[in-house]
Structure formats: C-alpha cells, structure tokens
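Enquirer: Got a structure for you, questions after.
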Amino acid sequence: MYTAIGYAAQSSTAPLAPMTFQRRALRADDVAIDILYCGVCHSDLHQARNEWGIAVYPLMPGHEIVGRVTAVGDKVGNYQVGDLVGVGCMVDSCRQCEACHKDLEQYCLEGPTMTYATPDRVDGSNTMGGYSSSIVVSEHFVLRMPQGLDLPSAAPFLCAGITTYSPLKHHGVGPGHKVGVLGMGGLGHMGIKFAKALGAEVTVFTRSQAKAEEARRQGADQVIVSTDEAQMCAAAGRFDFLLDTIPVQHDLNPYLETLKFDGVHILVGLIEPIDPPVHAANLVLKRRVVAGSLIGGIAETQEVLDFCAEHGITCDIEMLDIRNINEAFERMHKGDVKYRFVIDMATLHA
C-alpha cells in the first residue's frame, strides 16, 4: 500500500476537505496512475450529499480521470510507465456474466464496481475516486488517451461523453435522422456535438430563448423554446430521436408528441420516477419508445475517445483549483458552469 491525498466528504452535510488515505499495492493486472486532471460531474454532488441514498463515507468523488502511468503489475501487457491514460465511471465488474462478455460492463449482472463509493471486489475496501493524487485500477478498465486530444477537455468524455455517445450509437443515429436534444448542460452540449458528427440534423429544446444563440454556437441547426406552445405544436411528428439530458423530473408528454411514429425518447439524465406520468396514448398510437441508457462499456468508452480525436471534438470546460471544489459544487448546483469543471490536480500540491 502507499499513501495518497485527495478531497473527500466525511458525511452528507460536510464540505469536501483534504484527506490522506491508502491506495492498494499493485495486483498483477493493476495499473498505477498519477492523476493530472479530473472532471467534476453532477453525480459527484449527488453522491457527496447522499441525495441518492447510497453514499458510503468517507466519499472521495471523481470518475472522469486523466493521468500518467507510474507503475504496472506483472501481468499488464497493454500499458507501460509514461503512458497517458484515462479512467471512467467503473473500475471493475464480474467479467463473467452475459453483459460483461458483450462488453457491456455497465450492465454487469452482479453490478459493476464504480470508481468511488463501491466495495472493491477483492478486498471489500471502499473505492476512492479521482479527486486525488493517484489511483490504482485493473488494466481492463484503463483507457488509452489518443494523440491529439486536449487532455483537460478530454476528461469529461469519460462520463458526459460516453453517456451521450453510447445511446446515439446504439440506436443507429446517422445521416438523414432528425435528433432533438433536451437540455444544454454538460451532457446536452456533448449530445449536440456527437449527433452532428454522426451526420444528424440537430435541434435543441430549451426553456429559454436566451440560450438559442449558444445552442447554435455548439452546432445546433435549430432551436425550439419548449415553453412556447406554438413552437412545440409546429414540431409535432418531426423527430426520429430525442436525447433527454434533463436531470430533474419533467413532463415527457409534450416532447413525445414531437416524435415521428417509431420515434425514440432516450433518457440519460433522469434516474428518478417519471412525473407526471407518460400518457400511454403518446406511445401506443405512434409505436413510440421511451428508452434509457447508462454510460457505456469499456470498449465503447475507448471508441468515443478515438472518435473525438478523429473528429476534433472537445468539451467546453472551466479549469478548477481543487481548493475551490466546494464553491464549484455550489455553482454547479445553480447551473453556473459552461459546461464542465475540470480539476487541475497540480493544485492539490499547491
């Protein structure tokens, strides 16, 4: 074992604060990584405050990790010291079930081991995330950072990126499709970029006319103000897919009416009950589908990194001194970030 430092919450009401802790000694298939950058995801805030009721303390968030390999276990074959790598939302799975064999570790039938606040499958210790100086991860769950990616802005690809890319690929979004993106936050702005790169026509739904220009700057072809009844009525039956990144409860029914027959409404932001309920007629009468999607498997996460490098896609970020993480959490809660905070881990040692 070796000593690491990071920022963690000791309870649901405590601010994140510096903490010294022990990282495990390398197992045969492990990769040790010095963390250079770590994205700040809204789920980090949910977990730190135990808003989902599953937090384990001390809780050290962070699952959008970019770093450099410092050591490898005896059986590691794909990485060597000095490589630039990434770690996303998962650090292990059972690797034996049907989902794992299909490279869908996020749907592991035994449950994946998440990057933080989950028991390690070997020793039962609580996993600690990327708001820290270093991390040790099994080789299978380490991603190679392609040449050409800007490392700080690539960190959010490991959660926000794969979360929006995976369902678009799974549902076959491509040229000729019309995609509506609901929400303009960290997920939404990535969804715009991916749908455009896949060849689709992209429309952003927003509650604010003031966001129209920004949506177009991100690549949207059109903008619909969802509070404008006339605009929503004019959009009836227009879209093949809706990528819904809104993280709070909202009425799906007006959006469903903008889908064509056989249209698909994909939820990637909401993990609470749908309220108000979906009116069954909005599904039955047009054979529409409400679908969900959770991040992506390891192979697909590598795919999205390579896709971003090939297409020159970046995430809009604001660099963060880790000493300001609690203020950043408050700003994130208020929606005051465009579009993702990324921690410069060098500030951990300042």
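Enquirer: About the Cα centre of segment 243-347, what is the dipole size in debye to 20, counting +1 per Lys and Arg Cβ and -1 per Asp and Glu Cβ, all else neutral? Can you show the working numbers first?
Expert: Values: 9 positive and 17 negative charges, 85 e Å.
The calculated dipole for segment 243-347 is roughly 400 debye.
Enquirer: Same structure, new question: Among Ile274, Ile295, what's the order by accessible area (1.4 angstrom probe), most exposed first? Numbers along the way, then the final one.
Expert: Numbers: Ile274 65, Ile295 15 Å².
Most to least solvent-accessible, the answer reads Ile274, Ile295.
Enquirer: Can you give me the long-range amide H partners of Cys41? Hydrogens built in the peptide plane at 1.01 Å from N, cutoff under 5 Å, separation of 5 or more residues or another chain.
Expert: Placed amide hydrogens put His63 under 5 Å from Cys41.
Enquirer: Compare the Cα positions of Leu158, Val179, Val136 along the charge dipole of segment 134-201 (+1 at Cβ of Lys, Arg; -1 at Cβ of Asp, Glu; about the Cα centre) and return the one farthest towards the positive end.
Expert: Working it through, the farthest residue towards the positive pole turns out to be Val179.
Enquirer: Between His140 and Asp29, how many nm apart are label points set 7 Å from Cα along the C-beta direction?
Expert: Going from the His140 label point to the Asp29 one covers 0.4 nm.
Enquirer: Right, next: Could you report the accessible area of Thr3 in Å², rounded to 10, computed with a 1.4 Å probe on the protein chains as they sit in the structure?
Expert: Approximately 90 Å² for this residue.
Enquirer: Something else about it: What spacing in nm lies between the two simple spin-label points modelled at Ala350 and Asp306, each 7 Å away from Cα in the Cβ direction?
Expert: 3.7 nm
Enquirer: Still on this structure, please answer the following. Per DSSP H run of n ≥ 4, the term is -39500 (n - 2.57); total these for the chain, divide by its residue number, and report the mean residue ellipticity at 222 nm rounded to 500 deg cm²/dmol.
Expert: Working: 11 runs with 81 residues, N = 350.
-6000 deg cm²/dmol, from helical runs alone.
Enquirer: Shape of segment 1-138 from its Cα gyration tensor (a ≥ b ≥ c, root eigenvalues): rounded if a/c is under 1.5, otherwise prolate when a/b > b/c, or oblate? Working shown, then result.
Expert: Numbers: a/c = 1.77, a/b = 1.18, b/c = 1.49.
Verdict is oblate for segment 1-138.
Enquirer: Might you report the magnitude of the Cβ-based charge dipole of the chain about its Cα centre, with Lys and Arg at +1 and Asp and Glu at -1, to the nearest 20 debye?
Expert: On the way: 28 positive and 41 negative charges, 67 e Å.
My answer is approximately 320 debye.
Enquirer: Tell me, what is the 1.4 Å probe accessible area of Asp321, in Å² to the nearest 10?
Expert: Counting only protein heavy atoms, Asp321 exposes about 40 Å² to solvent.
Enquirer: If amide H atoms are built 1.01 Å from N in the plane of the peptide, which residues on other chains or at least 5 residues away come under 5 Å of the amide H of Ser138?
Expert: Val31
Enquirer: What dipole magnitude, in Debye to the nearest 20, does segment 160-224 give about its Cα centre under +1 on Lys/Arg Cβ and -1 on Asp/Glu Cβ?
Expert: Details: 8 positive and 4 negative charges, 12 e Å.
That gives a dipole near 60 debye.
Enquirer: Does segment 169-266 come out rounded, prolate or oblate, given a ≥ b ≥ c as the square roots of the eigenvalues of its C-alpha gyration tensor, rounded meaning a/c under 1.5 and, failing that, prolate meaning a/b above b/c?
Expert: Values: a/c = 1.39, a/b = 1.08, b/c = 1.29.
Because its axes are fairly even, with a/c under 1.5, segment 169-266 counts as rounded.
Enquirer: How much accessible area does Arg217 have with a 1.4 Å probe, in Å² rounded to the nearest 10?
Expert: Result for Arg217: roughly 150 Å² accessible.
Enquirer: Sort Met190, Met19 from largest to smallest accessible area, using a 1.4 Å probe on the heavy atoms of the protein chains. It would help to have the intermediate numbers written out before the result.
Expert: Working: Met190 0, Met19 35 Å².
Listed by decreasing accessible area, they come as Met19, Met190.
Enquirer: Moving to a separate point now. So how much slack lies between Asp150 and Asn324, counting 0.36 nm per residue of separation and subtracting their Cα-Cα distance, in nm? Please report the intermediate quantities before stating the final value.
Expert: On the way: separation 174, 0.36 × 174 = 62.64 nm, distance 2.28 nm.
Once the chain is fully extended between Asp150 and Asn324, it gains 60.4 nm.
Enquirer: Compute the FRET efficiency between Arg95 and Arg216 as 1/(1 + (r/R0)^6), taking r as their Cβ-Cβ distance and R0 = 35 Å, and round to the nearest 0.05. Could the numbers behind the result be given before it?
Expert: Numbers: r = 44 Å, r/R0 = 1.26.
The value I calculate is 0.20.
Enquirer: In addition: Please say if segment 98-175 is rounded, prolate or oblate, where rounded means a/c under 1.5 for a ≥ b ≥ c the square roots of the C-alpha gyration tensor eigenvalues, and otherwise the choice is prolate for a/b larger than b/c and oblate otherwise?
Expert: Details: a/c = 2.26, a/b = 1.23, b/c = 1.84.
It comes out oblate by the Cα gyration axes.
Enquirer: Which order, highest average first, do 5-14, 60-69, 137-146 follow once you tally other Cβ atoms within 10 Å for each residue and take the mean per peptide? Mind showing how you got there, number by number?
Expert: On the way: 5-14: 17.9, 60-69: 26.6, 137-146: 20.2.
Taking the mean over residues of other Cβ atoms within 10 Å, the ranking is 60-69, 137-146, 5-14.
Enquirer: Which cross-chain or sequence-distant (5 or more) residues have an amide H under 5 Å from the amide H of Met90, H modelled 1.01 Å from N in plane?
Expert: Residues meeting the criterion, in which the H sits 1.01 Å from N, are Thr115.
Enquirer: Let me ask something additional. With unit charges on the beta carbons (Lys and Arg positive, Asp and Glu negative) and the dipole taken about the Cα centre of the chain, which residue among Val31, Thr13, Gly191 sits farthest to the positive side?
Expert: Of the options given, the answer is Gly191.
Enquirer: Okay, next question. What accessible area per residue comes out for segment 50-177, rounded to a whole number of Å², with a 1.4 Å probe?
Expert: Per-residue value: 40 Å².
The values are calculated or read from the model by the stated rules, or taken from the named source; none is laboratory data. Keep in mind the model is a prediction, meaning the values are calculated, not measured. Note that we place each Cβ from the backbone using ideal geometry, even for glycine, and neighbour counts take in every protein chain shown. These area figures cover heavy atoms from the full protein model, side chains too; ligands, DNA and RNA do not enter into them. Shrake-Rupley method; radii C 1.70, N 1.55, O 1.52, S 1.80 Å.
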